[in-house]
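Report on the following structure.
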Amino acid sequence: MIKANNTDRKSWIHIPANSDFPLQNIPFGVIQPLNQAPRLATRIGDFAIDLLKVSELGFFADFDLPKAIFSQAYLNDFMALGRATTRKIRDRIADLFDDAINKWNSREMKDELLFPLGEVEVLMPIKVGDYTDFYSSIEHATNLGKMFRDPANALLPNWRHIPVGYHGRASSIIASGQEIQRPYGQMRPDPEKPPVYGPCRLLDFELEVGFVIGKENELGHPISVQESEDHVFGLCLFNDWSARDIQKWEYVPLGPFLGKNFASTISPWIVTLDALEACRVQGPVQDPEVLPYLRSEGKKNFDIHLEVILTTESGVEHVLSESNFKYMYWNMAQQIAHHSVNGCNLRVGDMGASGTISGPEPGSYGSMLEICWQGTKPVELADGSQRKFLQNGDTLTLKGYGISNGIRIGFGEASGKIVDRILA
Ligand code: CA
């Protein structure tokens, strides 16, 4: 069998130039065609491919898969099959839609297998069990340290020794396209006055990459840094929406709570680590050297170009940031090793997020807080308006892709529009 990643592959499905979804990507997601039940799917170009149908037509018959594995509303059971199996399925899908391979009659059945994306709903693909958010970009942590603590000593003493994280909320992780209700809550805008209740005034995004756990470890059995990546099924874009004013008032001493848990938006096609293999790069040098249980070798970072686009209610578009996942100081292998070093068990469907990804330049910062430097440097939009934080009617979109050997492997988008139905 040819590997899905083979760069010589061409599909018989039309793939637009600069598509994130060539034949070498084959991400996994969940779709719901009109008047039908949800089912597992993949995406090539601008088509969703119904994997339930592919399976019913016998194209996976030689794999001995559990019955009904593709007629699920979430990817969890599929991920739990293990990478050896999901990898075979991914390679087979690439074969089925490869222009040079005529072994199967998939081309003749295309009307049954393919849905133009506009004709199906693309659903939240993961039933998320637990969710952990890290804080692993040194540029982001330094920026926040400069703003809120000591500019000369921006990083806290633990930061270069531990991939810092906190346990977040799984229930409010949603798929791209769902509206974001502006959070209401308690804040203290004037430190001289008592706290107030009301709509968040400092609504922000956080540019992150999420990972999905596809293999569990037993409680009490840490995952070594060498084995960590075996536990990752794939990646997605992740917007950790943040209410800065609520967060600022509440976070001492136990950390983020309501300023974070109202919504996080992900891109709905989970891109496998296999697909991203050619995007691997060496991470930054870690100084001082980390403890042995965190020492990872080889290319554990990923060169994934990231963009953040603001679109106003009237359609004015503005690129707020261009960054890259490769800047991460702590990589996923280290995050997972650290997460489980005390014996904590990760389960299939758990998610982790990288933490806000900021690059070295202001144009590559991963939040409004940093881009506008606490509101002191507003962003000017083409229609003359300004933003320090996000307004009702604004749509915030994350995009991301890696390019290797001329092949672009991307994530599509994670997009959400801010509304206030409480006010209305
Ligand atoms: Ca975050």
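The values are calculated or read from the model by the stated rules, or taken from the named source; none is laboratory data. All of these numbers come straight from a predicted model, not from anything done at the bench. A quick note on method: Cβ atoms are made from the backbone with ideal geometry, for glycine too, and the neighbour counts reach across all protein chains shown. Only protein heavy atoms, including side chains, enter the accessible area calculation; ligands, DNA and RNA are left aside. Shrake-Rupley method; radii C 1.70, N 1.55, O 1.52, S 1.80 Å.
Express as a percent, rounded to the nearest 5, the fraction of DSSP beta bridges in the chain (both residues included) that run antiparallel.
Details: 66 of 74 bridges.
Bridges in the chain that DSSP calls antiparallel: roughly 90 percent.
Show me 164-173, 312-321 ranked by packing, highest mean number of other Cβ atoms within 10 Å first. Before the final figure, lay out each step's value.
Working: 164-173: 16.9, 312-321: 14.7.
Those peptides, ordered most packed to least, come out 164-173, 312-321.
Eigen-decomposition of the gyration tensor built on the alpha-carbon atoms of region 182-318 gives equivalent ellipsoid semi-axes of 35, 22, 15 angstrom, largest listed first.
Calculated over region 271-424, the projected area of the Cα convex hull averaged across directions stands at 12.7 nm².
Rank by packing, highest mean first: peptides 115-126, 131-142, with packing defined as the count of other Cβ atoms within 10 Å averaged across residues. Intermediate values should be presented prior to the final figure.
Details: 115-126: 18.1, 131-142: 22.7.
So the peptides 115-126, 131-142, ranked by packing, come out 131-142, 115-126.
Here is the size of the chain from its Cα atoms: Rg then Dmax, 21.6, 74 Å. If the viscosity is 1.002 mPa s and the temperature 20 °C, what translational diffusion coefficient in µm²/s does Stokes-Einstein give for region 277-349 when Rh comes from Kirkwood over Cα pairs? The diffusion coefficient I find is 144 µm²/s. For a test of the definition: using alpha carbon positions, the gyration tensor, and the 1.5 limit on a/c, classify region 141-196 as rounded, prolate or oblate. Oblate, since a/c reaches 1.5 and b/c is not below a/b. Listed by chain and number, the lysines whose alpha-carbon sits under 27 Å from that of K260, ignoring those within fewer than 8 places in the same chain, are K127, K146, K193, K215, K248, K326, K377, K388, K399, K417. Under a model in which nothing but the beta-carbon of Lys, Arg (+1) and Asp, Glu (-1) is charged, region 86-245 shows a dipole of about 400 debye around its Cα centre.
Can you tell me the FRET efficiency between Q32 and A382 if r is taken as the Cβ-Cβ distance and R0 is 45 Å, rounded to the nearest 0.05? Walk me through the intermediate numbers first.
Numbers: r = 37 Å, r/R0 = 0.82.
The computed FRET efficiency comes out at 0.75.
Listed by chain and number, the lysines whose C-alpha is less than 17 Å from the C-alpha of K3, apart from same-chain residues fewer than 8 away, are K88, K103. Each of R201 and A152 was given a label point 7 Å from its Cα along the Cα-to-Cβ line. The distance between the two points is 3.3 nm.
Of the peptides 191-201, 381-391, the order by per-residue mean of other Cβ atoms within 10 Å, starting with the highest, comes out as 381-391, 191-201. Label-to-label distance for Q391 and Q178 is 2.7 nm, based on points extended 7 Å past Cα in the beta-carbon direction. Comparing S358, S367, S71 in a Gaussian network model of the chain (Cα springs below 10 Å), the most mobile by mean-square fluctuation is S71.
Each semi-axis of the equivalent ellipsoid for region 310-377 is √(5λ) with λ an eigenvalue of the Cα gyration tensor; in descending order they amount to 32, 15, 11 Å.
Computed on the Cα atoms alone, the convex hull of region 258-318 gives a volume of 216 cubic angstrom per residue.
Subtracting the Cα-Cα distance of V281 and N18 from 0.36 nm times their residue separation leaves 92.5 nm of extension gain. Element breakdown for the chain at a 1.4 angstrom probe: carbon and sulfur atoms account for 50% of the accessible area.
Here's the picture: a label point sits 7 Å out from the Cα of E227 along the beta-carbon direction, and within region 288-308 the residues with their amide nitrogen under 17 Å of it are 293-297. A Förster radius of 45 Å, combined with the Cβ-Cβ distance separating L117 from K193, puts the computed FRET efficiency at roughly 0.35. Here N345 and Q186 are evaluated by their C-beta separation; at R0 = 41 Å the FRET efficiency comes out at 0.75. Between region 94-165 and region 239-253, the alpha-carbon centres lie 22 Å apart.
Can you tell me the relative contact order of the chain? Whole percent, Cα pairs under 8 Å, sequence separation 6 or more. Here the relative contact order equals 21 percent. Computed extension length for I403-E218: 63.0 nm, one decimal, from 0.36 nm per residue of separation with the Cα-Cα distance subtracted.
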